[in-house]
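Reviewing the structure listed below.
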Amino acid sequence: QTCALPIYLVTRATAMSSGWVWQIPLQERIGAGYVFDSNFLTPEQAVDEVQNWLGHRIEPISTIRFEAGFYEKVWQKNVLAVGLASGFVEPLEATSIGQMLMQTELFAITLSQSDYVISQAAIDDFNEQNAQSWRGIRDFIRMHYDTGRADTAFWQAAQKLPLSDQYTALKQAWQYRTPRSIDFIQYKMGNNAHFGVYSWLAIGQAVGIIPLEATVEELLALQPEQRQKLAQSLAEMK
């Protein structure tokens, strides 16, 4: 049967006056939320803005307030803080579950390889890798707000937020080339990083952090058969 409404099989992220709205397709509904800054918008104003944008009324479930951040030392003595107990950055990319899985995986590896006799050096290394992973989440989310947009008070303030040294260095490199896996070693926990080349490229080019010119040398360096394969792949995607 023909469906009267369009079916989107990808997450849609839309910039609003004071943050981002995301729409995530599920089997029977669209999960959606508006991450906004309460310094610039009240919950009531946020609802009004979304209703005006959608063109119909909505029934919001609740307003969830949070303070972004993470603990630098999640493992102390015989106590380990995992998941939301260890930190929370922002719900836009739904990273909390992934962080919890990576924490428990590295914890299990540390236990087994230490034969359950854990040195302080191993604990310190775990804490540093955990912090690296959180910093990767932080910088990836920060990129969503690094748009150059300045048409509202919120977006004007967003352009003045500080950038980490790691993210600043990546931005500079990406003026001349596209992202590489080596760029994200600094964000790894164990053998994993939350966001790889494709994720950073997808958002970075969309917000203008990775210019089209950065791909020129790479495209010119392709062999004829590679160009043909690329053209075929792009045609299939289109």
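The values are calculated or read from the model by the stated rules, or taken from the named source; none is laboratory data. Please read all numbers here as calculations on a predicted model, not as lab measurements. Backbone-built Cβ (ideal geometry, glycine too); neighbour counts: all protein chains shown. Each accessible area value is taken on the protein alone, full model and side chains, heavy atoms only, with ligands, DNA and RNA left out. Shrake-Rupley method; radii C 1.70, N 1.55, O 1.52, S 1.80 Å.
What to note about this one:
- Selection count where residues are open to solvent by less than 100 Å² (accessible area, probe 1.4 Å), assigned to a strand (DSSP E or B) and out of contact with any helix residue (DSSP H, G or I) (no Cβ under 6 Å at 6 or more places or on another chain), scope the stretch 52-76: 1
- Residue in the stretch 77-84 that is hydrophobic (A, V, I, L, M, F, W, C), out of contact with any His (no Cβ under 7 Å at 6 or more places or on another chain), closer than 24 Å to F195 by Cα and part of a helix (DSSP H, G or I) present: yes
- Hits in the stretch 92-129 (condition: under 30 Å from V21 (Cβ atoms) and more than 15 Å from the chain's Cα centre (by Cα)): M100, L101, M102, Q103
- Count of residues meeting criterion [part of a helix (DSSP H, G or I) and either charged (D, E, K, R) or open to solvent by less than 60 Å² (accessible area, probe 1.4 Å) (or both)] in the stretch 209-230: 8
- From the options Y145, Y187, Y198, Y167, residue that is free of Cβ contacts under 8 Å to residues at least 24 places away in the same chain, surrounded by 14 or more Cβ atoms within 10 Å (Cβ to Cβ) and not basic (K, R): Y145
- Checked against (1) among the charged types (D, E, K, R); (2) part of a loop (DSSP other than H, G, I, E, B); (3) under 28 Å from I203 (Cβ atoms), R135 meets all criteria but (2).
- Test: residue in the stretch 30-39 that is farther than 17 Å from I141 by Cβ, open to solvent by 60 Å² or more (accessible area, probe 1.4 Å) and among the hydroxyl-bearing types (S, T, Y): yes
- Residues being open to solvent by less than 10 Å² (accessible area, probe 1.4 Å) and of a type in the set (D, E) - total across the stretch 104-142: 1
- Taking every residue in the stretch 214-238 that is in contact (Cβ under 8 Å) with a residue 40 or more places away in the chain and pairing it with any residue that is among the polar types (S, T, N, Q), at least 6 positions away or on another chain, the pairs with Cβ-Cβ distances below 9 Å are A214/Q175; A214/T178; A214/Q205; E218/T178.
- Of Q132, Q156, all but one fail to be modelled with pLDDT of 95 or more, under 28 Å from G19 (Cα atoms), out of contact with any strand residue (DSSP E or B) (no Cβ under 8 Å at 6 or more places or on another chain) and not small (G, A, S); the exception is Q156.
- Residue that is nearest to the chain's Cα centre (by Cα) [pool: residues in the stretch 195-208 that are small (G, A, S) and outside any helix (DSSP H, G or I)]: G196
- Within the stretch 95-114, the set of residues being in a loop (DSSP other than H, G, I, E, B) and free of Cβ contacts under 8 Å to residues at least 12 places away in the same chain comprises just one member, S114.
- Being closer than 26 Å to V10 by Cβ and among the aromatic types (F, W, Y) is a property that holds for Y34.
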